[in-house]
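So the structure is just underneath, and the comments pick up after that.
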Amino acid sequence: MDKKQLCQAAMDMLERAYIPYSGFAVGAALECADGSVFTGCNIENASYGATVCAERTAVFKAVSEGRRNFARIAIAARSDDFCVPCGICRQVLAEFSPDMEVICLNSAGESRSFSLRELLPHGFDGSFL
Ligand code: THU
């Protein structure tokens, strides 16, 4: 899948977001090292802390299907701003692929790319344990 297709897959997931509380839809498309793609949306809960972000939905789908090496993730929202991943999602992505690419989209479909290292410098990882 090329970058444009990956970004479109993330944008398509905006329709699946379960967002009765915030109204803020997020979609994600995670490309693994083997080329497989797992998508995700945010899933909110009346107990707000039980909400899962789109990025983690995609990561957990991938890991539970046997993938642990990620190449890149595209993240979409209906916002003028580029949708960057929250801190918890940065940490979860870094657990598996600290050098992956993070493609952040705005509502116009424009993108800004970061390395995950850039978004989470000096992260805590298994080497501390
Ligand atoms: N959200 C994500 O899905 N990903 C992020 O990286 C930022 C926040 C969701 C969680 C919640 O459902 C809504 O956006 C507002 O915080």
statement: How many residues of region 38-76 are among the hydrophobic types (A, V, I, L, M, F, W, C), away from the ligand (no atom under 11 Å from the Cβ) and surrounded by fewer than 19 Cβ atoms within 10 Å (Cβ to Cβ)? The answer is 4
query: Do you know which residues across region 93-129 are on the phi > 0 side of the Ramachandran plot and open to solvent by 60 Å² or more (accessible area, probe 1.4 Å)?
result: HIS122
message: Scan region 85-96 and tell me whether some residue there is more than 11 Å from the chain's Cα centre (by Cα) and among the charged types (D, E, K, R).
response: yes
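Residue-wise test of (1) modelled with pLDDT of 95 or more; (2) under 21 Å from ALA33 (Cα atoms); (3) in contact with a helix residue (DSSP H, G or I) (Cβ under 8 Å, 6 or more places away or on another chain); (4) of a type in the set (Val, Ile, Thr).
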{"site": "PHE96", "(1), (2), (3), (4)": "yes, yes, yes, no"}
{"site": "CYS104", "(1), (2), (3), (4)": "yes, yes, no, no"}
{"site": "PHE124", "(1), (2), (3), (4)": "yes, no, yes, no"}
{"site": "LEU129", "(1), (2), (3), (4)": "yes, no, no, no"}
- prompt: How about region 77-102: which of its residues are within 13 Å of the ligand (Cβ to nearest atom) and either acidic (Asp, Glu) or more than 14 Å from CYS53 (Cα to Cα) (or both)?
  reply: ARG78, SER79, ASP81, PHE82, VAL102
message: So, in region 91-129, how many residues would count as being in a helix (DSSP H, G or I) and of a type in the set (Ser, Thr, Tyr)?
response: 1
- request: Output the qualifying pairs, or none if there are none: Cβ atoms under 7 angstrom, residues six or more apart or on different chains, first residue in region 42-54 and charged (D, E, K, R), second residue assigned to a loop (DSSP other than H, G, I, E, B).
  value: GLU44/ILE19; GLU44/PRO20; GLU44/TYR21; GLU44/SER22; GLU44/THR51
task: Name the strands (runs of 3 or more DSSP E) wholly inside region 1-90 in which the number of residues that are among the aliphatic types (A, V, I, L, M) is 3 or more.
output: 26-32, 70-77
query: If we scan region 22-37, do we find a residue that is crowded, with 17+ Cβ neighbours inside 10 Å, within 20 Å of MET1 (Cα to Cα) and of a type in the set (Ser, Thr, Tyr)?
result: no
message: With the structure loaded, tell me whether VAL84 is among the β-branched types (Val, Ile, Thr) and open to solvent by 50 Å² or more (accessible area, probe 1.4 Å) or whether it fails that test.
response: yes
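The values are calculated or read from the model by the stated rules, or taken from the named source; none is laboratory data. These numbers come from a predicted model, not from an experiment. Counting neighbours? That spans all protein chains shown, and the Cβs are built from the backbone with ideal geometry, glycine included. Remember, those area values only see protein heavy atoms, side chains included, never the ligands or the DNA or RNA. Shrake-Rupley method; radii C 1.70, N 1.55, O 1.52, S 1.80 Å.
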